[in-house]
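Enquirer: This is the structure I want to talk about, given as structure tokens.
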Amino acid sequence: MTTIKDLKSMYINPIFNPDGDDIIENRSIWFGNTTNLMQLNDVRYTWAIGLYQQMRENFWIPQKLDLTQDITDYWNLTEEERYAYDGILSYLTFLDSIQTCNVPHIKSCITAPEVSLCMAEQISQEAMHNQSYQYIIETVIPGDRRSAVYDFWRTDRVLADRCEFIAKLYQNYVDNPTPENYFVSLLADYLLEGLYFYNGFIYFYNLASRMLMPGSADIFKMINRDELSHVRLYQKLIPEAMKMFPHSSEQIYEMYATAVEHECRWTNHIIGDSILGITQTSTEQYTKYLANIRLRAIGLESLYPEEKYQTSPYKHLERFSDTKKEGHTKANFFEAGVTSYVMSSGVTGWDEI
């Protein structure tokens, strides 16, 4: 009998499989015999339908958010703050760019249509996030600096190393699509969605807390909200994948430890101790805190058991991630528990943000 360990490569779904079996009891996230038709009247993974609906309710348009003040504020930033603003924008552009390219590779092996639906919406959101970054860069950044922001990774060796490391984990699966490499790529997706964005988000919320760049912070609130739904998706997928794919807990912990090391190195390089309200110490505490809660969410123990890594040093910035104003948060920003974020009547109500 062939087992997953015996498979030399992952099975990619056919466009249409007339011999497939879409009976609910026989559905599986991977290795199911699906027809590839979206039969969603009754589903096995009911959480996926709720999550998909929540992701759709999150719909927003970047250009509806006003960046007028940010254009002036950009020149009121210190030189160090502008450097961090430009570099973090470049890094976040990279993260969402490779997700737009990579998630379809992961999705192509998903055989439960309701889960595939969530990943299709994730791809759409990742692409829209890139449009958001382009909107910020083309609106806020002066024309003679824009190319440098887009090409920051070309000129900054620390960012280039960061990008190459993340992309390599994905590329290994594309080049050699074994079940082992699929699991690593899936876990790397979870690392990206659950760890890599958040020091960048904190930087923009920190500026907003000092009445700087409020439009940029508003856009990142919305991206932040989307990313939390992606985190929730992978928090559902990873435990199921751990039951099915070859891996070890040591491998997961090693990937997390490396990710934390690289994330701290990058953040300390682009921000360090030069920005009011952020220090290398708080960056380490926050990154390790995030790693701990992401690991616990998939059923593993904290990697950093010390007491100081069990709480966030940025609790005071939580209100800046709240799209319904302070006191009306629909989900905890740091814990990433997803409930419904409903923006009333499509794209109306933007004055609330």
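Here, each number is a calculation from the coordinates, and none is a lab measurement. None of the values given here were measured: they were computed from a predicted structure. Note that each Cβ is placed from the backbone with ideal geometry, even for glycine, and that neighbours are counted across all protein chains shown.
Enquirer: Mind telling me which of the residues 268, 199 ends up being in a helix (DSSP H, G or I), surrounded by 21 or more Cβ atoms within 10 Å (Cβ to Cβ) and of a type in the set (S, T, N, Q)?
Expert: Details: 268 fails: surrounded by 21 or more Cβ atoms within 10 Å (Cβ to Cβ).
Going through 268, 199 in turn, the sole match is 199.
Enquirer: Among the listed residues 240, 227, identify the single one that is assigned to a helix (DSSP H, G or I), over 24 Å from residue 268 (Cα atoms) and of a type in the set (D, E, K, R). Quick ask: steps written out before the conclusion?
Expert: Details: 227 fails: over 24 Å from residue 268 (Cα atoms).
Criteria check complete, one pass: 240.
Enquirer: Which of the helices (runs of 4 or more DSSP H) contained wholly in region 53-157 include at least 3 residues that are closer than 30 Å to residue 33 by Cα? Please lay out each step first, then the result.
Expert: Working: elements: 68-73, 79-107, 113-140, 143-150, 152-155.
So the answer is 79-107, 113-140.
Enquirer: Do we find a residue being touching a residue at least 24 places away in the same chain (Cβ under 8 Å) and touching a strand residue (DSSP E or B) at 6+ places or on another chain (Cβ under 8 Å) anywhere in region 133-149?
Expert: No: region 133-149 contains no residue that is touching a residue at least 24 places away in the same chain (Cβ under 8 Å) and touching a strand residue (DSSP E or B) at 6+ places or on another chain (Cβ under 8 Å).
Enquirer: Applying the selection to region 80-133, what residues are acidic (Asp, Glu) and either out of contact with any helix residue (DSSP H, G or I) (no Cβ under 9 Å at 6 or more places or on another chain) or farther than 16 Å from residue 156 by Cβ (or both)?
Expert: Taking region 80-133 as the starting set, the residues that turn out to be acidic (Asp, Glu) are 80-81, 86, 96, 114, 121, 126.
Correct list: 80, 81, 96, 114, 121, 126.
Enquirer: Identify, please: which residue in region 59-117 is hydroxyl-bearing (Ser, Thr, Tyr) and closer than 15 Å to residue 220 by Cβ and is, among those, farthest from the chain's Cα centre (by Cα)? Working first, answer last.
Expert: First, pick out the residues of region 59-117 that are hydroxyl-bearing (Ser, Thr, Tyr): 68, 72, 74, 78, 83, 85, 90-91, 93, 97, 100, 108, 111, 116.
With closer than 15 Å to residue 220 by Cβ added as a condition, the list becomes 85, 90-91, 93.
Details: 85: 19, 90: 15, 91: 12, 93: 12 Å.
So, considering only residues that are hydroxyl-bearing (Ser, Thr, Tyr) and closer than 15 Å to residue 220 by Cβ, the one farthest from the chain's Cα centre (by Cα) is 85.
Enquirer: Within 29 Å of residue 233 (Cβ to Cβ) and touching a Gly at 6+ places or on another chain (Cβ under 6 Å), is that true of residue 178? Walk me through it before giving the result.
Expert: On the way: within 29 Å of residue 233 (Cβ to Cβ): yes; touching a Gly at 6+ places or on another chain (Cβ under 6 Å): no.
No; evaluated as a whole, the condition is false for this residue.
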